[in-house]
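The values are calculated or read from the model by the stated rules, or taken from the named source; none is laboratory data. Only a predicted model underlies this, so the values are computations on that prediction, with no experimental measurement involved. Virtual Cβ from ideal backbone geometry, glycine too; neighbours counted across all protein chains shown. Quick note on the areas: whole protein, heavy atoms, side chains included, nothing else; ligands and nucleic acids left out. Shrake-Rupley method; radii C 1.70, N 1.55, O 1.52, S 1.80 Å.
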Amino acid sequence: MMRLDAGVRIDPTNDRLTVNYNASGATVVTLTQALYRSLAELLAHLQVRLRADIHSSMTCTESSGVVTISWTGGVSTTITWTHPTLRDWLGYSGTSVTATTSTTASNVADGVFVGTLPWEDPAPAGWRLSLMRARHQHGAPRSFRRSLRRRFEVTARVRDSETLQFRGVLRQFLRGYPGTLYRDTTVSAAWAWDEPWGAVTVQLDQDEYSDEWQDARRDVLIVPMTFLEESL
């Protein structure tokens, strides 16, 4: 099965949470403002910040887009969601949560869609040639930079019950955010010719998308999409 993670920009509207570990007092944990291209990338940074600011045993993991924050010692810990936008992105609900060893989100993270039906993704469908020109002072030669970006053509199959989650992920891509296409949910390594099922950081190569029902039962949507390797 395939998976699609939308990127998220951490900024002053979603860059912090408050943690009270073992009744030691509330500590504000602030994330580095940056663009994170997958849930795994964001959680890796959140784990670093929690270990530095709260306790060295803190871990942040996810399974099929559902986040779990854990710690050792069996001590009561309260996480207060200072910014609801960060809470929602991680799949949590409520103002705060208190637990003794771990807390698991009640929903799939906002930016993640894990397909439950097979998608069509035969292979990279070619390359896009990028050409850039730099302007110099009058009379100086111009410079060009050319690059090839792999193009991936994907046909998603989405159950009717999954459309809300799927469209939320696509909404981020349509806003211009890059994300991560996992061509197989069991393979997190980077895509390469010798790792054809690996993950690739991509941008949506279209300004809009369309979908249609697979058949008269109207229970499965067919969504063709084209992605380009992200241009860094």
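Mind counting the residues in the range 95-135 that are in contact with a helix residue (DSSP H, G or I) (Cβ under 8 Å, 6 or more places away or on another chain) and at pLDDT 95 or above?
Selection size over the range 95-135: 7.
In the range 46-66, is there at least one residue being under 19 Å from the mean Cα position of the chain (by Cα), acidic (Asp, Glu), outside any strand (DSSP E or B) and crowded, with 16+ Cβ neighbours inside 10 Å?
Within the range 46-66 (the criterion being under 19 Å from the mean Cα position of the chain (by Cα), acidic (Asp, Glu), outside any strand (DSSP E or B) and crowded, with 16+ Cβ neighbours inside 10 Å), the answer is no, since none of the residues qualifies.
Please go through the range 68-91 and give me each residue that is assigned to a strand (DSSP E or B) and among the aliphatic types (A, V, I, L, M), ordered by number.
69, 79
Would you mention how many residues in the range 23-45 are open to solvent by 60 Å² or more (accessible area, probe 1.4 Å) and either more than 25 Å from residue 200 (Cβ to Cβ) or not in a helix (DSSP H, G or I) (or both)?
Residues that pass the stated criteria total 6.
Give all pairs with beta carbons closer than 7 Å in which a residue from the range 90-112 that is under 17 Å from residue 31 (Cβ atoms) and of a type in the set (Val, Ile, Thr) meets a residue that is open to solvent by 40 Å² or more (accessible area, probe 1.4 Å) and outside any strand (DSSP E or B); count only pairs at least 6 apart in sequence or on separate chains.
Hits for this filter: zero, empty list.
Of the residues that make up the range 210-220, is at least one in a loop (DSSP other than H, G, I, E, B), open to solvent by 50 Å² or more (accessible area, probe 1.4 Å), under 23 Å from residue 37 (Cα atoms) and touching a residue at least 24 places away in the same chain (Cβ under 8 Å)?
no
On the basis of being surrounded by fewer than 17 Cβ atoms within 10 Å (Cβ to Cβ) and either over 19 Å from the mean Cα position of the chain (by Cα) or under 30 Å from residue 227 (Cα atoms) (or both), does residue 77 make the cut?
No: the conditions fail for residue 77.
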